[in-house]
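Remarks on the structure that follows.
Values quoted throughout were computed directly from the atomic coordinates according to the rules given, and no laboratory measurement underlies them. These numbers come from a predicted model, not from an experiment. Cβ placement follows ideal geometry from the backbone for every residue including glycine, while neighbour counts extend to all protein chains displayed.
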Amino acid sequence: MSESPNPYQAPAATLPVPANPSMPPALLATLACYLLHYVLEVLSLWKSAAGEAGLFLPVATINGIYCMAMCLALWRRWQWARV
C-alpha cells in the first residue's frame, strides 16, 4: 500500500449515487409533522382571542410561508434545512 505524500489530503474516491434515491421514512414523517403543526396552529389561533381578522390573517400567512418553505427545503434535501 502506498500512502499519500500529504496525510491531510482528502480521499479522491467517488461514491456511487443512485439516480433516483428513495425518500427516507423519517423525512416523510418530518414533513407530515410540519404540515400537521401548521393546521393545528391555525385552528388554535382561530378559536382563541386572536381569531379576529386583524391578527389572525398575518400570523397564519407568515406561519404558512414558513411551513411551505421548510417543507420545500426538506423535500429538495437542502442541508441547511436539516439543521
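Observations, loosely collected:
- Angle in degrees between helix 53-75 and the longest Cα principal axis of the chain, rounded to the nearest 10: 20 degrees
- Mean residue ellipticity, 222 nm, helices only, the chain: the sum of -39500 (n - 2.57) across DSSP H runs of n ≥ 4, divided by residue count and rounded to 500, is -20000 deg cm²/dmol.
- Residues MET70, MET23 arranged by fewest to most Cβ contacts within 10 Å: MET23, MET70
- Rounded to 10°, Cα long-axis angle of helix 25-47 versus longest principal axis of the chain: 20 degrees
- With both labels modelled 7 Å from their Cα along Cα-to-Cβ, the VAL42 to SER22 distance reads 3.2 nm.
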